[in-house]
Amino acid sequence: MLFLLLPLLAVLPGDGNADGLEEPVSFHVIQIASFYNHSWKRYLFSGWLSDLQTHAWDRNSSTIIFLWPWSRGNFSNGEWKELEMLFGIRTIQSFEEIHRSAHEFQFEYPFEIQVTGGCKLHSGKVSGSFLRLAYQGSDFVRFQNNSWLPYPVAGNRAKHFCKVANRNQHENDITHSLLSDTCPRFILGLLDAGKAYLQRQVKPEAWLSHGPSPGPDHLQLVCHVSGFYPKPVWVKWMRGEQEQQGTQRGDILPSADGTWYLRATLEVAAGEAAGLSCRVKHSSLEGQDIVLYWEHHSSVGLIILAVIVPLLLLTGLALWFRKRWVRDQQPKGSGHT
């Protein structure tokens, strides 16, 4: 199975670094428990293939929501029922126990518990699993080698939490099995079932604009790249074939249609903008890079300005002549408009 999936791993929705290289692919479940007071609480669950959400949780029916046709992977209906029971009963029971023991663990209302657990693939191989629990957004405890361990920065509260959690070795054994066996089997089936979607290639669109002025006689040049998939992309401001080291890449942000958006900026003196271009490399372009020249952008802006200004003047003149014509048509001495 791993050998068959090697070509797919090259185009998975991983994070990707500045050079478009893939990071490890993971499947992970995020569980968030918000405790507002002794009686008011809320639970949220979601499943993610790297940064693509694949599953959600219906709190009303206590069932898993499959966000894509291939989100079931190759698991049977029986295995999904077992997982629904896990989240609907055991996981919520664990959060309820934390809620009841809030005073013992010195958790102060309102507080939030975030749990992230899953497994990773790297270069076609299962590279490990992880399960971390955070309190108020800070590392608290982690699961490792069949037991819970505290993060040193979390102090005595985390040590006490681990002492209590490690009393139930049966629960720890189930958790270890889910992470080391169930999760790797599931991620491989998920990748196989979603192959057509995950391997798709969507070409980016790019355009240039001015950003906020960084100072007198200086420009901020902005290169926008949108609508591309998969996520890894290379965007640089160039002068000829020379990369401009001052290029600042923003975060790669998701779009509503499942594609991605990125902007790259460069601050230059106003007289140095000539000769600069934005170059975009992406797997969907098959080596045919997008290159946008700043001079062309400036020329287009001047053309638009040259067209709009006469149109505005003509519109103003037309309104003035119409108003004068209406006035001239009025009967002499009439007080009516």
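The values are calculated or read from the model by the stated rules, or taken from the named source; none is laboratory data. Note that this is a predicted model, so its numbers are computed, not measured. Glycine also receives a Cβ, built like all others from the backbone with ideal geometry; neighbour counts cover every protein chain displayed. Please note that ligands, DNA and RNA were not included when accessible areas were found on the heavy atoms of the full protein model with its side chains. Shrake-Rupley method; radii C 1.70, N 1.55, O 1.52, S 1.80 Å.
Kindly provide the set of residues from the range 233-247 that are open to solvent by 20 Å² or more (accessible area, probe 1.4 Å) and touching a His at 6+ places or on another chain (Cβ under 9 Å), ordered by number.
Listed by number, the list holds a single entry, Trp234.
Do we have any residue at all in the range 93-100 that's in contact (Cβ under 8 Å) with a residue 12 or more places away in the chain, under 28 Å from the mean Cα position of the chain (by Cα) and closer than 25 Å to Ser180 by Cα?
Yes; the residues of the range 93-100 include at least one that is in contact (Cβ under 8 Å) with a residue 12 or more places away in the chain, under 28 Å from the mean Cα position of the chain (by Cα) and closer than 25 Å to Ser180 by Cα.
Can you tell me which residue is surrounded by the fewest Cβ atoms within 10 Å (Cβ to Cβ) among those in the range 114-126 that are at pLDDT below 95 and of a type in the set (A, V, I, L, M)?
Val126
Do the conditions hold for Phe75, that is, is it touching a residue at least 12 places away in the same chain (Cβ under 8 Å) and not in a loop (DSSP other than H, G, I, E, B)?
Numbers: touching a residue at least 12 places away in the same chain (Cβ under 8 Å): yes; not in a loop (DSSP other than H, G, I, E, B): no.
Taking the combined requirement at face value, the residue does not satisfy it.
What pairs come up if the first residue lies in the range 264-279 and is more than 14 Å from His210 (Cα to Cα) and touching a residue at least 24 places away in the same chain (Cβ under 8 Å), the second is small (Gly, Ala, Ser) and open to solvent by 40 Å² or more (accessible area, probe 1.4 Å), and their beta carbons are under 9 Å apart, counting only those six or more places apart or on different chains?
As it stands, the answer is Gly275/Gly240, since those pairs meet every condition given.
Hey, can you tell me all the residues within the range 196-227 that are part of a helix (DSSP H, G or I) and open to solvent by 70 Å² or more (accessible area, probe 1.4 Å)?
Ala196
What residue, of Phe186, Phe161, Phe228, is touching a His at 6+ places or on another chain (Cβ under 6 Å) and either acidic (Asp, Glu) or touching a residue at least 40 places away in the same chain (Cβ under 8 Å) (or both)?
Within the list Phe186, Phe161, Phe228, the selection yields Phe228.
Quick one: how many residues across the range 141-163 are surrounded by fewer than 16 Cβ atoms within 10 Å (Cβ to Cβ) and in contact with an Asp or Glu (Cβ under 8 Å, 6 or more places away or on another chain)?
Number of matching residues: 3.
Do you know which of the residues in the range 25-39 that are hydroxyl-bearing (Ser, Thr, Tyr) and in a loop (DSSP other than H, G, I, E, B) is farthest from Asp192 (Cα to Cα)? Lay out the reasoning, then the answer.
Taking the range 25-39 and keeping what is hydroxyl-bearing (Ser, Thr, Tyr), we get 26, 34, 36, 39.
Retained after the next criterion (residues that are in a loop (DSSP other than H, G, I, E, B)): 36, 39.
Details: Tyr36: 41, Ser39: 43 Å.
Of everything passing the filter in the range 25-39, Ser39 is farthest from Asp192 (Cα to Cα).
Could you please find all residues in the range 50-72 being within 21 Å of the chain's Cα centre (by Cα), assigned to a loop (DSSP other than H, G, I, E, B) and not aliphatic (A, V, I, L, M)?
Ser50, Asp51, Trp68, Pro69, Trp70, Ser71
Within the range 166-187, restricting attention to residues that are open to solvent by 30 Å² or more (accessible area, probe 1.4 Å) and of a type in the set (A, V, I, L, M), which residue is nearest to Ser101 (Cα to Cα)?
Ile174
Just name the residue that is nearest to Thr182 (Cα to Cα) out of those in the range 101-124 that are of a type in the set (D, E, K, R) and within 23 Å of the chain's Cα centre (by Cα).
Only one residue fits best here, namely Lys120.
Within the range 31-77, restricting attention to residues that are more than 27 Å from Pro230 (Cβ to Cβ) and hydroxyl-bearing (Ser, Thr, Tyr), which residue is surrounded by the fewest Cβ atoms within 10 Å (Cβ to Cβ)?
For the range 31-77, the residue satisfying everything is Ser39.
Hey, Glu104 hits all of (1) surrounded by 13 or more Cβ atoms within 10 Å (Cβ to Cβ); (2) touching a residue at least 40 places away in the same chain (Cβ under 8 Å) but one; which does it fall short on?
Against the list (1) surrounded by 13 or more Cβ atoms within 10 Å (Cβ to Cβ); (2) touching a residue at least 40 places away in the same chain (Cβ under 8 Å), Glu104 comes up short only on (1).
Suppose we keep only residues that are free of Cβ contacts under 8 Å to residues at least 60 places away in the same chain and within 19 Å of Leu133 (Cβ to Cβ) within the range 34-47. Which one would you say is farthest from the chain's Cα centre (by Cα)?
Lys41
How about the range 127-137: which of its residues are open to solvent by 70 Å² or more (accessible area, probe 1.4 Å) and over 21 Å from the mean Cα position of the chain (by Cα)? Give the derivation first.
Applying the first criterion (open to solvent by 70 Å² or more (accessible area, probe 1.4 Å)) to the range 127-137 yields 132, 136.
Result: Gln136, single match.
So Glu23 clears everything in (1) modelled with pLDDT of 50 or more; (2) open to solvent by 50 Å² or more (accessible area, probe 1.4 Å); (3) in contact with a helix residue (DSSP H, G or I) (Cβ under 9 Å, 6 or more places away or on another chain) except one condition, right? Which one?
The number of the failed condition is (3).
Just the residues that are surrounded by 15 or more Cβ atoms within 10 Å (Cβ to Cβ) and among the polar types (S, T, N, Q), please, taken from the range 80-101.
Listed by number, the residues that qualify are Thr91, Ser94.
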